[in-house]
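The values are calculated or read from the model by the stated rules, or taken from the named source; none is laboratory data. Predicted model, so just to flag it, every value in this text is computed and none were measured. No Cβ is skipped: glycine too gets one built from the backbone with ideal geometry, and neighbour counts run over all protein chains shown.
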Amino acid sequence: MSAIDVSVVICVYTEDRWEDILAAVASVRAQTHPALETLVVVDHNAALLDRLRSEYKETAQSGEVRVLPNAGPRGLSAGRNTGIAASYGEVVAFLDDDAVAERDWLRRFADPYSDPRVLAVGGRAVPVWSSGRRPDWFPEEFDWVVGCSYRGLPPGRVRVRNVLGGNASFRRSAFDFVGGFATGIGRDGNKRPMGGEETDLCIRLSRARPDAILLMDDRAVIHHKVPEAREHFGYFRTRTYAEGLSKALVARSVGADKGLETERRYTTRVLPAGVLRGLRDQLLARPGGARRAGAIVTGVLTAAGGYLVGSLRARRAGTTFAVVPIAPDDVERAA
């Protein structure tokens, strides 16, 4: 077993996910490669902060679970930066607050870091549908809409441009090279479900360290809950549009060449194959085939529309992004 120390950061924001948060923390505490510590970062919610501190009062004294407030502006990026600055591990892993990790999740993350060139390792997120089953119209190619791994990702342990933020880890030194997650990209408490902050960070990291290796290992598995509200087509349209907006911000931050490199392959290869698969399923009288094909086309068009609107807005506003240097002094690291 690897001797790498791993700190786990779970960013939370709402009491509506109370049971999910407890399950996420419990899954970290059950790992075969024990976490050095679990940091639960609360995003500007005093009631939730107090409740979690009460829940983990005894374990906080031993440093096993620590609950702390987001020390920056509202949003996921600042919450993650708070967790990074407060942590002690050689590797910092991130787990979504509505996901549970399989028992060997951290072992799969830790093992590749024996190679000093490896600066990030991501894993696979499997959807857990609240209704009990995948809606027959929902294409696997768009599972990223609900925060999960999607059809088209390469299998096994492979090099990638970027890891997926809800199931990812970084060597601590990576943040010394590029700072933290950029604020202004990703979710920030707004109702619109933005993203892209991990893509921006990984591209900046590869530019700062051309020899860096970023990996995806599909054996590092988490099970990600999909709320019933996100199983509807209306959310699908909203999320794909927001992804277009997000990609426009990423492209402005790191350039369209790298910012859209993976998306070009996805759009020209993976999605056309998905449309054909849906039409074939329709001919074979399999449920939802035509709807899946239609959802793929809709997803492409709404994402493209979001990208166009986002590009125009960013250009007019002269949008810039704050990249926060990660320094332990930014937050109190003591338990």
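So, of the residues in the range 141-151 that are in contact with a helix residue (DSSP H, G or I) (Cβ under 8 Å, 6 or more places away or on another chain) and not in a loop (DSSP other than H, G, I, E, B), which turns out to be farthest from residue 237 (Cα to Cα)?
Selected residue: 151.
Going by the structure shown, is residue 124 touching a residue at least 12 places away in the same chain (Cβ under 8 Å) and assigned to a strand (DSSP E or B)?
Yes: the conditions hold for residue 124.
If you check 106, 119, which single one turns out to be over 22 Å from residue 146 (Cα atoms), out of contact with any His (no Cβ under 8 Å at 6 or more places or on another chain) and not in a loop (DSSP other than H, G, I, E, B)?
119
So which of 79, 132, 152, 89 is touching a Phe, Trp or Tyr at 6+ places or on another chain (Cβ under 7 Å) and of a type outside the set (A, V, I, L, M, F, W, C)?
Answer to the check: 152.
Taking interchain pairs and intrachain pairs at least six residues apart, which have beta carbon atoms under 9 angstrom, with the first residue in the range 243-271 and farther than 23 Å from residue 139 by Cβ and the second assigned to a loop (DSSP other than H, G, I, E, B) and modelled with pLDDT of 80 or more?
Taking only residues 6 or more apart or on different chains, the pairs are 258/161.
In the range 1-17, what count of residues is obtained for those that are surrounded by 15 or more Cβ atoms within 10 Å (Cβ to Cβ) and not in a loop (DSSP other than H, G, I, E, B)?
Total meeting the criteria: 8.
Specify which of the listed residues (28, 40, 100, 92) is touching a Cys at 6+ places or on another chain (Cβ under 9 Å), of a type in the set (Val, Ile, Thr) and not in a loop (DSSP other than H, G, I, E, B).
40
Restricting to the range 226-254, and then to whatever is over 26 Å from residue 182 (Cβ atoms) and aliphatic (A, V, I, L, M), can you tell me which residue is nearest to the chain's Cα centre (by Cα)?
Among those that are over 26 Å from residue 182 (Cβ atoms) and aliphatic (A, V, I, L, M), it is 226.
For the condition closer than 30 Å to residue 112 by Cα, touching a helix residue (DSSP H, G or I) at 6+ places or on another chain (Cβ under 7 Å), modelled with pLDDT of 95 or more and not charged (D, E, K, R), what is the one hit in 254, 226, 250?
The unique qualifying residue is 226.
Scanning for something crowded, with 16+ Cβ neighbours inside 10 Å and of a type in the set (Asp, Glu), does the range 113-125 turn up at least one residue?
The answer is no; no qualifying residue exists.
Can you tell which of 197, 141 is buried (at least 20 other Cβ atoms within 10 Å of the Cβ) and at pLDDT below 95?
197
Cβ-Cβ below 7 Å, separation at least six or inter-chain, first residue in the range 207-222 and more than 18 Å from residue 28 (Cβ to Cβ) and touching a residue at least 60 places away in the same chain (Cβ under 8 Å), second surrounded by 22 or more Cβ atoms within 10 Å (Cβ to Cβ) and among the aromatic types (Phe, Trp, Tyr): which pairs?
Short answer, once both residue conditions are applied: none.
Among the residues of the range 71-118, write down those that are over 17 Å from residue 9 (Cα atoms) and among the aliphatic types (A, V, I, L, M).
Once the filter is applied, which keeps residues that are over 17 Å from residue 9 (Cα atoms) and among the aliphatic types (A, V, I, L, M), the range 71-118 yields only 118.
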